[in-house]
1. Report the residue count in segment 1-53 for those that are free of Cβ contacts under 8 Å to residues at least 60 places away in the same chain and under 30 Å from F231 (Cβ atoms).
2. Residues that are modelled with pLDDT of 90 or more and closer than 21 Å to T136 by Cβ, at least 3 per element: which strands (runs of 3 or more DSSP E) completely within segment 1-108 meet that?
3. Regarding segment 224-234, can at least one residue be identified that is of a type in the set (G, A, S) and at pLDDT below 95?
4. Looking at (1) under 30 Å from M1 (Cβ atoms); (2) part of a loop (DSSP other than H, G, I, E, B); (3) not aliphatic (A, V, I, L, M), which is the only condition R147 fails?
5. Here is a list: F141, F131, F90. Which entry is in contact with a helix residue (DSSP H, G or I) (Cβ under 9 Å, 6 or more places away or on another chain) and either under 30 Å from I285 (Cα atoms) or among the hydroxyl-bearing types (S, T, Y) (or both)?
6. For residues that are in a helix (DSSP H, G or I), polar (S, T, N, Q) and modelled with pLDDT of 90 or more, tally how many sit in segment 264-289.
7. Looking at segment 129-182 only, could you name the residues that are closer than 30 Å to L269 by Cβ, small (G, A, S) and touching a Lys or Arg at 6+ places or on another chain (Cβ under 8 Å)?
Amino acid sequence: MKSMTGYGSAEVLNDTFQLSVEIKSYNNRFLDINHNIPFFLSPYEMDIDKAVSLIASRGHVEVNVRVKTFVSDMEIVVDSQAVERYRDAFAQVAALSGKALKPQLSDFLSAEGVITNVRQSDSEIYKGPLFTALDTALVQFGQSKEREGNSTRTDLLSMGKIVEEGLAVVTAHAGELEELVKTNLKNRFEEMLGDQHYDENRILQEVAVMLVKYSVNEEIKRLAIHLKEYFKLLDLKEPVGKRLDFLCQEMNREINTIGSKSQMVEMNLQVVRMKDGLENVREQIRNIE
């Protein structure tokens, strides 16, 4: 089991540059990879995504790549045509104004477009170090996801046991609930009819209808099946977050039905306990793949 939250980082250092990779992820319904990398490494975004998708199947993943160069790759370019055009413009202004105008060197240096700088970044020289650092960061990233996932699995096992224990108590009282329904219905007939004769078959029919209405045996069976599947999913190595979420919805439906049918304090207490445990389960599975 893997968590959707994780972190990993690595760097490569040589004589000309330092390249660092940082990967972190948060909860998300689907896999969403966001890049924060220098423009000259953009050609490798698809390869980066493929590598990340081998480790993460869900979550919002941020990939940050930083490059610090020790040897400048900047080229200073002087636009000779721009210098000539500014010179001609200064001369034209002087002629039109009728005043002597001697442009200074600073006038040309401050003019837009005369001097520009261009970075001659060759992405190929960064490719090897980039994926070396990425692979190391992804190992850390995967390990952190597994550590967090194993911790979450322990909690899910514990909270699943709470639901399982509550179901055991409900199962033990299911027979008592049926007897309680029979007794209550019989007492109501006696209160209404007193010593008058009444059709016993009619009473039996009403009891049968009430038992069908208030029996929780079917809900107990379905909840037990769901719980068995729940613990089975926790042992799988593949992503199970979506399936667990659906399973929790089904279990919650059965527990709510048991609560609506129950007329016993003991069972009602267990319904509250199971719902609380299940709510904690649903909070936790939002963090796993």
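1. Result for segment 1-53: 6.
2. Details: elements: 6-13, 17-26, 31-36, 59-69, 74-78.
Where strands (runs of 3 or more DSSP E) fall fully within segment 1-108 and carry at least 3 residues being modelled with pLDDT of 90 or more and closer than 21 Å to T136 by Cβ, they are 6-13, 17-26, 31-36, 59-69.
3. Applying the first criterion (of a type in the set (G, A, S)) to segment 224-234 yields 224.
Checking the rest, the ones that are also at pLDDT below 95 come to none.
For segment 224-234, residues of a type in the set (G, A, S) and at pLDDT below 95: absent.
4. Every listed condition holds for R147 apart from (2).
5. Details: F131 fails: either under 30 Å from I285 (Cα atoms) or among the hydroxyl-bearing types (S, T, Y) (or both); F90 fails: either under 30 Å from I285 (Cα atoms) or among the hydroxyl-bearing types (S, T, Y) (or both).
When all the criteria are applied, what remains is F141.
6. Taking segment 264-289 and keeping what is in a helix (DSSP H, G or I), we get 265-285.
If we keep only those that are polar (S, T, N, Q) as well, we get 268, 270, 280, 284.
Adding the requirement that they be modelled with pLDDT of 90 or more leaves 270, 280, 284.
Number of matching residues: 3.
7. From segment 129-182, those closer than 30 Å to L269 by Cβ are 151-182; that's our starting set.
Subsequent filtering for residues that are small (G, A, S) retains 151, 158, 160, 166, 168, 172, 174-175.
If the condition is that a residue be closer than 30 Å to L269 by Cβ, small (G, A, S) and touching a Lys or Arg at 6+ places or on another chain (Cβ under 8 Å), then G166 is the only one that fits.
The values are calculated or read from the model by the stated rules, or taken from the named source; none is laboratory data. The model shown is predicted, which means the values in this text are computed figures rather than measured ones. Because the Cβ atoms are built from the backbone with ideal geometry, glycine has one as well, and the counts that use them run over all protein chains shown.
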